[in-house]
Amino acid sequence: MTKGNIRILDGVDLVVEPGTFLALIGPSGAGKSTLLGLLAGLEAPDEGVVEKDGVPITNTGHVAYMPQTDLLLPWRSVVANVSLGLEATGTSRRAARRQALAALERFGLEEFALVPPAALSGGMRSRVALLRTALLGRDTLLLDEPFGALDALTRRHLQGWLLGIAGELAATIVLVTHDVDEALLLADRVVVLTRRPARVALDLPVDLGRPRAMEMETTREFARLKGRLLEALGVSAP
Amino acid sequence: MKRTLLSRALPAALLAVLVLAAWESLVWLFGVPEFLLPGPSAIAGAFWESRELLLRHAGPTAGEAVLGFFVAVVMGALSGILINRSALAERSLYPWLVVSQTLPTVAIAPILVTWLGYGPLPKVLVVTLFCFFPITVATVDGLRATDPDLVRLMRSFGASRWRIFSMVEAPGALPFLFGGVRLAVTYCVIGAVVGEWVGSSEGLGFLMIQDKAQFEIPRLFAEISLLSIMGVSLFLLVALLQRIIAPWTLKRNPSL
């Protein structure tokens, strides 16, 4: 994959098994977002193929994709923002709103349904953006640094929240992050990309078992996996 | 809310009272003749005396202004969308729209009357010529300002071009559009009067020409005041419409 003569991805060979939570980490500008764009069908590769269930991805609309910024529309209330994806794909406004409201209720956010997004905190905006994407009901969910813009404490809260509900959102999840702890906490498998042009530097299964809890971050096994990830990222382990 | 509205309007009202009082007393003090500069009381008197005549002629002027303005909004928005959608339209049409704005509309008006007669049509056209350009520019800028990431998000959903336009681009352009519309609405009354000056048998512009010729200067001032009131009312109407249609556009702009 080349963008404006810069080779961004170079022979990334990756198979994501259905039902897996995969985390992609790598240095800034390594091409993680480009890879998600390819998976979402937003961009086409110069060489090679991107397939889903054995069928080449040539179009958008097959997976659910959440970009780095929440992109909530200021002229829509929270519930109308959550229903945006469904309305965009042709669900009637009423049916889409009903489903959006049900989703907000399921995740305990119904009190914010009629609030404009400007009144929400950063963490709440991210939750709404995630629900908007998840409501599409697609089997694969692509998350591009969903909590990257949040402060550390809020990010911890949302990581815990996502850990609890990930199973309900989609079968297969690909999460781009540069937070090593986030990757280990959430994922079944962590793939480390190299600097541009990106290749796979490390493909690490996370054998921490489920259900997971944040307390696991203090275990020896967690530290060992974290050491390997940091090493692969070129950051020397302590 | 009421309090802030009052405190916002109060300085302007106080200034108006001061200026009117100074005007009245200077005219009275120096004995300025009415045909040069009538005082506010004389203008108000002329207004009251000729109220039926003035209101009868205000009707056509307001009608031309509003109709021409409405056509300008529709044409301005449509041409803006066309220019935004098509690179060919942008390259071929946009430069000529700019050129059309450098032609003095005041000079075109007589030609329009020659072509289209003394009815309301040439006046409506003059108003449209006065008003449409700011709306076109605002629409182009507003659509161009759409966050590309938002379009990407909509594409990832699998949304059609029409849905991307109607759900994201068009509402996002509304703050810009209303900026252009507020600017344009202040021109529309001027456009109608210019159209009437050139050739008409009714309207406040027609009345002004007659009153000037007959030295009915207080009534001439009354007509100018009425035109101003008309323009301000239309501006407030647009502001009210914006508050109803697109309230989120006012959040960061409390000056309205």
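The values are calculated or read from the model by the stated rules, or taken from the named source; none is laboratory data. Small disclaimer: the values here were computed from a predicted structure and weren't measured. Here Cβ is always computed from backbone atoms with ideal geometry, including for glycine, and neighbour counts include all displayed protein chains.
Residues of the range A:40-67 that are out of contact with any Gly (no Cβ under 8 Å at 6 or more places or on another chain) and crowded, with 22+ Cβ neighbours inside 10 Å: A:40, A:65, A:66, A:67. Applying the criterion of being within 11 Å of chain B (Cβ to nearest Cβ) and over 15 Å from residue B:157 (Cα atoms) to the residues of the range A:74-92, the residue that is surrounded by the fewest Cβ atoms within 10 Å (Cβ to Cβ) is A:74. Could you please let me know if residue B:217 is surrounded by fewer than 17 Cβ atoms within 10 Å (Cβ to Cβ) and more than 14 Å from every other protein chain (Cβ to nearest Cβ)? In short, no.
Here the range B:160-190 is the region considered, the condition is being in a helix (DSSP H, G or I) and among the polar types (S, T, N, Q), and the residue that is nearest to the other protein chains (Cβ to nearest Cβ) is B:166. Beta carbons closer than 6 Å, at least 6 apart along the sequence or on distinct chains, pair a first residue in the range B:61-72 that is within 18 Å of residue B:133 (Cα to Cα) with a second that is among the polar types (S, T, N, Q) for B:68/B:128; B:71/B:128; B:72/B:128.
Going through (1) out of contact with any Asp or Glu (no Cβ under 6 Å at 6 or more places or on another chain); (2) in contact (Cβ under 8 Å) with a residue 40 or more places away in the chain; (3) part of a helix (DSSP H, G or I); (4) surrounded by fewer than 23 Cβ atoms within 10 Å (Cβ to Cβ) one by one, residue B:202 falls short only on (3). Of all residues in the range B:127-146, those being within 12 Å of the chain's Cα centre (by Cα) and among the β-branched types (Val, Ile, Thr) number 3.
Yes or no, residue by residue, for (1) aliphatic (A, V, I, L, M); (2) without any contact (Cβ under 8 Å) to a residue 12 or more places away in the chain:
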residue	(1), (2)
A:97	no, no
A:109	yes, no
A:145	no, no
A:152	yes, yes
A:163	yes, no
A:167	no, yes
A:178	no, no
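Residues that are farther than 21 Å from residue B:142 by Cβ and within 22 Å of the chain's Cα centre (by Cα) number at least 1 in the following helices (runs of 4 or more DSSP H) confined to the range B:1-100: B:2-30, B:51-85.
Does residue B:181 fit the bill of being in contact (Cβ under 8 Å) with a residue 12 or more places away in the chain, crowded, with 16+ Cβ neighbours inside 10 Å, under 22 Å from residue B:127 (Cα atoms) and of a type outside the set (Gly, Ala, Ser)? Yes, satisfied. A Cβ distance below 9 Å, combined with a sequence gap of six or more or placement on separate chains, defines the contacts here; from the range A:197-217, residues that are farther than 29 Å from residue A:31 by Cα reach residues that are charged (D, E, K, R) in the pairs A:210/A:188.
All of (1) within 14 Å of another protein chain (Cβ to nearest Cβ); (2) touching a Gly at 6+ places or on another chain (Cβ under 8 Å) hold for residue B:137 with one exception: (1). Here the helices (runs of 4 or more DSSP H) wholly within the range A:135-238 that include at least 3 residues being within 29 Å of residue A:42 (Cα to Cα) and modelled with pLDDT of 90 or more are A:152-169, A:180-186.
Is at least one residue of the range A:4-27 more than 10 Å from chain B (Cβ to nearest Cβ), more than 18 Å from the chain's Cα centre (by Cα), of a type in the set (A, V, I, L, M, F, W, C) and surrounded by fewer than 18 Cβ atoms within 10 Å (Cβ to Cβ)? Yes: the range A:4-27 contains one or more residues that are more than 10 Å from chain B (Cβ to nearest Cβ), more than 18 Å from the chain's Cα centre (by Cα), of a type in the set (A, V, I, L, M, F, W, C) and surrounded by fewer than 18 Cβ atoms within 10 Å (Cβ to Cβ). Going by the structure shown, is residue B:124 in a helix (DSSP H, G or I), surrounded by 17 or more Cβ atoms within 10 Å (Cβ to Cβ) and in contact (Cβ under 8 Å) with a residue 60 or more places away in the chain? So residue B:124 passes the test. Scanning the range A:185-213 for residues that are aliphatic (A, V, I, L, M) and more than 16 Å from residue A:145 (Cβ to Cβ) gives A:200, A:201, A:202, A:204, A:206, A:208, A:213.
Only one entry of A:103, A:119, A:95, A:44 meets the criterion of being in contact with a helix residue (DSSP H, G or I) (Cβ under 8 Å, 6 or more places away or on another chain) and within 14 Å of chain B (Cβ to nearest Cβ), and that entry is A:44.
Would a scan of the range A:143-166 turn up a residue that is charged (D, E, K, R) and within 14 Å of chain B (Cβ to nearest Cβ)? Yes, the range A:143-166 contains a residue that is charged (D, E, K, R) and within 14 Å of chain B (Cβ to nearest Cβ).
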